[in-house]
Structures are given as structure tokens and as C-alpha cells.
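Colleague: Can you read through this structure? Questions will come right after.
The values are calculated or read from the model by the stated rules, or taken from the named source; none is laboratory data. The model shown is predicted, which means the values in this text are computed figures rather than measured ones. Ideal geometry is used to build each Cβ from the backbone, glycine not excepted, and the neighbour counts take in all protein chains shown.
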Amino acid sequence: MVQNVEPQEALFVPVQGGTNTLPWRYLAASEHQAALLNAVGQVTRQLTIGSQFTISPEGDTPAGTGEITLLVAPTSEETQLRVRGDAAAVQPVPPEPGTAAIVGALDRLAIVVQQVQAGIKRVDVPAEIEESQTNAAAAAASAQEAEDFAQAAAESALLAASFDPANFQPIADNLTELSALTFTPAGLALLSVAGAAALRAAAELGDAATLDLASQAGAEGGIIADELMTPLTTRQAIEALPRGTVAGPSAMNVLWQNTTGWPVMMHCSAGVASGDVVDVRIGPNSAASIFIARDAFNATVTASFYARVPPGWYLFVQGNVTRSLSPSIGVY
């Protein structure tokens, strides 16, 4: 199998998994170089033999040709696959008749061995590239630090050169102005009186400044208007608020008034049938004209109604059919 050993180059349309016929047949597979190019012929990616493309003599039809198979997917900008071959091995003598298959098998074995060897040589290349990139980045950072330091030093030198002590007034010149300070009557009173209430009054904080703090009994009673509440007495007053329940209306179409003195959350339940229509209304007078809810029923069910009734307000559960309300109870 006579080979052409002159350096050659071929261009193909890149397709992942696609196989193209080379116009030469080299045994030295590792001597091949392949790259992906963009539309203007610029290299976008240099490919590695064995992992990103393979070379094979399987395309020895017509005679003296080989095959290249692309193993990676090209990007949208990678429109050309360029292959270059610089063979170092050649078979100047055709094989003996009947031995072409054996020679072809040996050729394929030689190519596999060469691709493995080429892969072994490239194992540390990514690590070396990464180390080089790290070292380059560190060198760039050091150079930037040195540049920043030099700029800061130059600015400091300019400041030092322009410093003139005559432009700065001595601090001692301003200390004499302190003798002119005077105190207001309220300030003098703060220096002389004792007691928190007296201090607050002397500071002229207003009427609230002289108020005493409310006791627990005063806070819970809620009728003293000239004492101050603290977080503690506020909590005590809230905890002392009455809690309880109150019976609500016993049936629909019965007006009920909240006489507890506190807001009440009322819960009413009733058995209703198909065709029942129920309105829930509240109001500050017996008209109870504020609608809370309206329900129309198409089956026999137990319905629940809720309403928050302010102190003194009225609740009216109106139904087109009067139904008993049970339970009917409010919580305050």
C-alpha cells in the first residue's frame, strides 16, 4: 500500500459522529491534527485525537484513502472541520497478493496504539494549562497590587509636598471660646435638683414628664388618666380583660343585641333544607342593615354562620324559613 507522505489538508462540514474520507492513507495516526473553524476560517477549537476525533484506514476504497470521524458536537459558529496530516511512516511496497486484509488489520492496530500513546502524552496537558493560567492570574494580580501601591505612594508624596503648617489654625486658639458658654435655667436646675420627676420637670419636657407610673391595679382598672403605662402594666391590663361567652339568638328572624360591653364573635348553627335563603346582618341599631353574608341552599345540611358584633350593636339572622339556631354562642 503506497502512501503519499506529503503534508496535506482537507476541509469538511462538521457533524458529530459523521465520517469523512481523507484523500490520503497514513499509518501515523498521531501525526494528524484537526480543528473546528468558523465561517471566516478562524480556529475556534483545537481537537484531541482519540477523544474528540479518530483516524482510520477503513476508508481504503478507493485505494490510498483513510477516514476521519468527529466525536464531538460542533457549535453553531463552527462550520468547518480542518484536517492536516504530516505522516512519518510509509509503505513504499504494495502488499503481497492475498495479504491485503492482514496488512489492513495490522494498520488498524498500529493506529489504535498510536492514538493511545498520543492520549497518554496529553493526560497532563489540561493540568499544565490550568497551572499556567493560575500562575498568570496570580502574576496579573501582583502587578495590579504593585501598580495600586505605586499610585498611592505618589498621591501621598504630593500631599506631603503641599502640606503647609501655616494653613492650619492651632487648636489652642479655639479653646478660649469655651469661656463664653452659659447654662440655661433648666440646665442649671438639672445640676441641682434630685428625683426623677424633678429632673423631668427641670428639663421642661411638658406635663407628661411629671406623671407617675401606673400600678398594676391602676392599669387593670383602666380609669386613671394621669399615669404612665409600662410594658409590664400594659400586659397586666390586657390579661385582666374579661373573657367569657354569651348566648346568642335562639332562632332565625330574632333580633339580638350585644350588651356585654365587649366585641363578641358570634357562632350560630342551623339545619337548613333545599330552597332556604339565609342573610346575616349586623348594625348599630335594630335595623341591622349591614350585610355580613348571604347563603342559598339546595340540599338539607347543617350550616354555620359567624359574625363579629361590636358592643351595643345588633345581630339579625334572617331566613325565608324560620329555623332554630343551636348552638348559638358568642365569645368575648
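Colleague: Just name the residue that is farthest from the chain's Cα centre (by Cα) out of those in region 46-57 that are surrounded by 15 or more Cβ atoms within 10 Å (Cβ to Cβ) and assigned to a strand (DSSP E or B).
Modeller: This residue is SER56.
Colleague: Having 2 or more residues that are under 50 Å from the mean Cα position of the chain (by Cα) and in contact (Cβ under 8 Å) with a residue 60 or more places away in the chain is the bar; report the strands (runs of 3 or more DSSP E) wholly within region 237-332 that clear it.
Modeller: It comes to 264-272, 328-331.
Colleague: Within region 247-262, is there a residue that is within 30 Å of ASP212 (Cα to Cα) and aliphatic (A, V, I, L, M)? Give the steps one after another, and end with the answer.
Modeller: Just the residues of region 247-262 that are within 30 Å of ASP212 (Cα to Cα), to begin with: 261-262.
If we keep only those that are aliphatic (A, V, I, L, M) as well, we get none.
No, region 247-262 has no match at all.
Colleague: Which count do you get for residues in region 124-162 that are hydrophobic (A, V, I, L, M, F, W, C) and at pLDDT below 75?
Modeller: Qualifying residue count for the region: 3.
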